[in-house]
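> Attaching a single structure in structure tokens format; questions to follow.
Read-outs throughout are calculated quantities, based only on the coordinates presented, and are distinct from any laboratory measurement. As the structure is a prediction and not an experimental result, all values here were calculated from the model.
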Amino acid sequence: MAKASSSFVLPIIFLVMFALVEENMGCMAVLGSCGVITDCSGACKSRFGQDTLSRCDRDGGDGTCICSYPCLTDNLHM
């Protein structure tokens with residue numbers, strides 16, 4: 001009996017893990033240069049909502065304003 005119950009533990013762990021990962025995944029958008037957009041955080045929040053995280057990716061030059069926000073979909077997460 002112990003062997004039968006332990007064979008179910010690993011698949012259950014993976015199912016729970018994938019369900020949590022899918023819930024937490026979001027969308028990303030690039031707004032433009034941080035030199036042109038002086039307030040990257042404000043621009044992201046005004047465009048995608050208050051739950052948006054923003055950062056200026058300093059990849060050379062002025063950098064790029066990147067927004068991370070929750071995806072707006074009609075799909076149910078199961």
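> Would you kindly derive the ³J(HN,Hα) couplings of region 44-56 from the backbone phi angles with the Karplus curve 6.51 cos²θ - 1.76 cosθ + 1.60 (θ = phi - 60°), listing them in order in whole Hz, with x for Gly and Pro?
Residue by residue, region 44-56 yields 5, 5, 6, 8, 10, x, 6, 7, 7, 9, 9, 7, 9 Hz.
> Between Leu10 and Ser68, what is 0.36 nm times their sequence separation minus the Cα-Cα distance? Round to one decimal in nm.
On the way: separation 58, 0.36 × 58 = 20.88 nm, distance 3.20 nm.
This chain segment gains 17.7 nm when fully extended.
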